[in-house]
Amino acid sequence: MLRKFYPWARAESVFTIDYEKLYERGFRGLMFDIDNTLVHHSDDATPEVEELFRALRRMGFRTLLLTNNSRERVERFVRNIDTLYLCEAGKPGPEGYLKAAGLLGLEREELVCIGDQIFTDILGANRSGMASVLVRFIRLDREKKLGKRRRLEQVVLWFYQRSPAFRNRLGEIEIERGGGMPQRKRKLFCEMNPLFYAISEQKGIIRRNWKDMREREPFAVERREDRLPNLVSEQSSVLIKRAKGIDLRLQENKAVNIRLACSAIHGMVVRPGEVFSFWRTVGKTTRRKGYRDGRILREGRLGPGIGGGLCNLSNTIHWLVLHSPLEVVEFHSHSDALAPDHGERVPFSSGTSVSYNYIDYRFRNNTDQNVQLLVWCDEEKLYGELRSERAFPQRFELVEEDHHFHQEDGKYYRISQIYKVALDRETGETVDKQLVLDNHSEVMFDYELIPKELIR
């Protein structure tokens, strides 16, 4: 009788769940209750909650708020959160859960429901055939009394703890135990010292090579000097940035590194079904090949490193690909506020992270024709073109919304949402709009150079 109330797993809070483990186990969607799960009853979303949803999107999760609250309450809560929501959901009835699954475009087996109440959140998930995580409800220090339903929950949990067949059906998914709010971040192995960081890098490289051998992806290898006839997209950017606080020597070395990498990529043809890999094409950056110390972002700090600056090149390629129907299969972001903007703001002017050979940039040609990458430099600029055999039925634009800077805990961040918009080539009508980056980038340059009119 009580089994229908048993959660699949328990956690102290939404911040102590190991979401990467859930993703590894095949889950792709997360449904959250709001009150006393994400925040205290009736509170607005906190910066921690907003960052949690940004992190989940970066991992690849689809998210949805499933609540019995009114639309007015939910719309106030999601002002700074890019997520789907379903209000007045009628929990614990299964109808709201199944409707939410449809909104997410996922099967029940791909979803995890997270909430603080057994008799609504967990019961509804069980009725709907979905996995569930029960978190400790958020309670203020002054709140001493427990309601009758909370006391009944304690009875259910007493039996649950004595039913090993129903405990931890998701495995161990909690990062660390503690209070109901975010815990102080533990240092990762790679953060302890430079030696451990180097060990972690080598571990990542080994994993990458093993994964490629196992999956046997068809990688692009052909280069042609002749250009394919149709121009899909093009981009140019300043090669050497000059501004207060920027080391000009590292910028000049970056230009050398980019020219070397361009020579390996220029003319690359990606056939239908093939995958372009930045590092499989460029290879390892070494001094023997002529690479120099450029500026790299490592462990959250800017500094010199061999081959530094190639993120600019991978970012140019990413910009070209986003203006096409090609499928991005691996993308890693870092701050796109490494330096002040020059002139008009261009989305994805930076922010694509690559590091040999475990942080790669890859895209798949999911079309029915060959495409070609062209990248080259002159003295001042980096240029890129994506070409194809014939025009695609749609053209694409990048649109950045709500671009501003915001101060959090003494640091400034660039905030924006960047969308990929598909337009019918003949009519110009919008046929699709997808969020490609929920931008929350730490500013790495002099705060005095942040445009004052963009600070909120």
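Given the conditions (1) at pLDDT 95 or above; (2) among the acidic types (Asp, Glu); (3) in contact with a Leu (Cβ under 8 Å, 6 or more places away or on another chain), report the number of the one that ASP293 does not fulfil.
(1)
Against the definition (charged (D, E, K, R), part of a helix (DSSP H, G or I) and at pLDDT 90 or above), how does ARG249 come out, yes or no?
Details: charged (D, E, K, R): yes; part of a helix (DSSP H, G or I): yes; at pLDDT 90 or above: no.
Judged against the criteria, ARG249 is not a match.
Looking at segment 302-321, can you tell me whether even one residue there is under 23 Å from the mean Cα position of the chain (by Cα), surrounded by fewer than 21 Cβ atoms within 10 Å (Cβ to Cβ) and farther than 22 Å from LEU437 by Cα?
Within segment 302-321, one or more residues are under 23 Å from the mean Cα position of the chain (by Cα), surrounded by fewer than 21 Cβ atoms within 10 Å (Cβ to Cβ) and farther than 22 Å from LEU437 by Cα.
Assuming GLU389 fulfils every condition listed in (1) in contact with a Leu (Cβ under 7 Å, 6 or more places away or on another chain); (2) without any contact (Cβ under 8 Å) to a residue 40 or more places away in the chain apart from one, which condition is it?
(2)
How many residues does segment 419-456 hold that are under 26 Å from ARG242 (Cβ atoms), in a strand (DSSP E or B) and β-branched (Val, Ile, Thr)?
1
When segment 268-285 is examined, which residues are found to be farther than 15 Å from GLU330 by Cα, modelled with pLDDT under 95 and of a type in the set (Lys, Arg)?
Passing the criteria: only LYS284.
The values are calculated or read from the model by the stated rules, or taken from the named source; none is laboratory data. This structure is a prediction, so every number in the text was calculated from the model and none was measured. Don't worry about glycine lacking a Cβ; one is built from the backbone with ideal geometry, like all the others, and counts go over all protein chains shown.
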